[in-house]
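Novice: Before I ask anything, let me first share the structure, which is written out below as structure tokens.
The values are calculated or read from the model by the stated rules, or taken from the named source; none is laboratory data. All values reported here derive from a predicted model rather than from experimental measurement. Glycine gets a Cβ as well: all are built from the backbone with ideal geometry, and neighbour counts include every protein chain shown. Accessible surface areas use protein heavy atoms only, side chains included; no ligands, DNA or RNA. Shrake-Rupley method; radii C 1.70, N 1.55, O 1.52, S 1.80 Å.
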Amino acid sequence: MTRLKVGTNDSMLKIHLAKVESKKKLANEIIALCEQFITIDNKLEFLADVTGNFEVEFNEQFADVLYPKISLSEKYMLMNVNIKLILALANQYNSNTIQLDESLECETPDFGIYLTDDKAIKTYKERIAMVKAIEKFEGQGHYVNLSKVLQAFPDSFHYDYSTSKFNPVY
């Protein structure tokens with residue numbers, strides 16, 4: 001099967017990059033906040049279950065300092081742990097579906113727009129050839145009324161006012 005890339009979905013790419021940055025920022029905030037009280041060996045493993053891992057590590061590290069019969073919420077209060085903030089950040093972190101690796105990076109998927117039908121590829125190439133012919137004709141000093149071209153070929157071309165370009169529709 002032949003494929004022809006005709007563009008990229010820039011809005012989806014921007015959304016993906018924003019989600020990655022948001023997840024990295026949340027991960028760094030969670031780790032910075034939790035490292036004030038506990039030692040984190042594996043960041044990615046810790047981020048998989050922040051609340052459970054924080055509770056286990058907190059109890060292990062402060063078992064000999066705090067009286068064992070004190071409830072966990074009172075221990076958090078005595079140590080000035082803002083557990084509600086940690087829970088909120090963890091919920092926000094887990095609601096983001098982006099998967100980060102050990103270095104808190106993520107591969108960017110391909111957001112390309114492809115044509116796969118042979119007839120659609122042929123039609124698109126013909127439209128590209130027509131756009132180039134019109135640009136060449138205009139480059140020789142002639143005038144082409146693009147609105148008439150748009151009327152003659154409905155749903156085949158569009159004029160992009162932001163770039164002042166005449167483009168084929170795929």
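Novice: I need the full set of residues from the range 107-131 which are over 17 Å from residue 3 (Cβ atoms) and surrounded by 13 or more Cβ atoms within 10 Å (Cβ to Cβ), in order please.
Specialist: Applying the first criterion (over 17 Å from residue 3 (Cβ atoms)) to the range 107-131 yields 107-108, 126-127, 129-131.
If the condition is that a residue be over 17 Å from residue 3 (Cβ atoms) and surrounded by 13 or more Cβ atoms within 10 Å (Cβ to Cβ), then 127, 130, 131 are the ones that fit.
Novice: Which residue out of 19, 25, 84 is under 30 Å from residue 170 (Cα atoms) and either touching a helix residue (DSSP H, G or I) at 6+ places or on another chain (Cβ under 8 Å) or not small (Gly, Ala, Ser) (or both)?
Specialist: Details: 25 fails: under 30 Å from residue 170 (Cα atoms); 84 fails: under 30 Å from residue 170 (Cα atoms).
When all the criteria are applied, what remains is 19.
Here's the yes/no breakdown for (1) closer than 21 Å to residue 91 by Cβ; (2) polar (S, T, N, Q):
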{"residue": "35", "(1), (2)": "yes, no"}
{"residue": "39", "(1), (2)": "no, yes"}
{"residue": "46", "(1), (2)": "yes, no"}
{"residue": "49", "(1), (2)": "yes, no"}
{"residue": "57", "(1), (2)": "yes, no"}
{"residue": "61", "(1), (2)": "no, yes"}
{"residue": "65", "(1), (2)": "no, no"}
{"residue": "70", "(1), (2)": "no, no"}
{"residue": "74", "(1), (2)": "no, no"}
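Novice: Considering only the range 47-95, how many residues are touching a residue at least 40 places away in the same chain (Cβ under 8 Å) and buried (at least 16 other Cβ atoms within 10 Å of the Cβ)?
Specialist: 7
Novice: Given the residues 30, 40, which is the only one that is at pLDDT 85 or above and closer than 30 Å to residue 111 by Cβ? Before the answer, list the steps.
Specialist: On the way: 40 fails: closer than 30 Å to residue 111 by Cβ.
Unique residue meeting the criteria: 30.
Novice: Could you list, in sequence order, the residues of the range 106-130 that are under 21 Å from residue 154 (Cα atoms) and of a type outside the set (Asp, Glu)?
Specialist: Once the filter is applied, which keeps residues that are under 21 Å from residue 154 (Cα atoms) and of a type outside the set (Asp, Glu), the range 106-130 yields 115, 119, 120, 121, 122, 123, 124, 125, 127, 128, 129, 130.
Novice: Considering the range 1-34 alone, what residues qualify as being open to solvent by 50 Å² or more (accessible area, probe 1.4 Å), in contact (Cβ under 8 Å) with a residue 60 or more places away in the chain and within 14 Å of the chain's Cα centre (by Cα)? Walk me through how you get there before you give the answer.
Specialist: The first filter runs over the range 1-34 and keeps only residues open to solvent by 50 Å² or more (accessible area, probe 1.4 Å), leaving 1-3, 5, 8-15, 17-19, 21-22, 25, 28-29, 32.
With in contact (Cβ under 8 Å) with a residue 60 or more places away in the chain added as a condition, the list becomes 1-3, 5, 8-10, 12-13, 17, 19, 22, 28-29.
Those that are open to solvent by 50 Å² or more (accessible area, probe 1.4 Å), in contact (Cβ under 8 Å) with a residue 60 or more places away in the chain and within 14 Å of the chain's Cα centre (by Cα): 9, 10, 12, 13, 17, 19, 22.
Novice: Say we look at the range 134-170 and pick out the residues that are among the acidic types (Asp, Glu) and under 37 Å from the mean Cα position of the chain (by Cα); which of these is modelled with the highest pLDDT?
Specialist: 135
Novice: Looking at (1) part of a loop (DSSP other than H, G, I, E, B); (2) within 18 Å of residue 26 (Cβ to Cβ), find the lone condition where residue 67 falls short.
Specialist: (2)
Novice: I've got another one for you. Which pairs turn up if I take residues in the range 141-170 that are closer than 18 Å to residue 125 by Cβ and in contact (Cβ under 8 Å) with a residue 12 or more places away in the chain and look for partners that are small (Gly, Ala, Ser) and in a helix (DSSP H, G or I) with beta carbon separation below 9 Å, at least 6 apart in sequence or on another chain?
Specialist: Every condition considered, the pairs that remain are 170/120.
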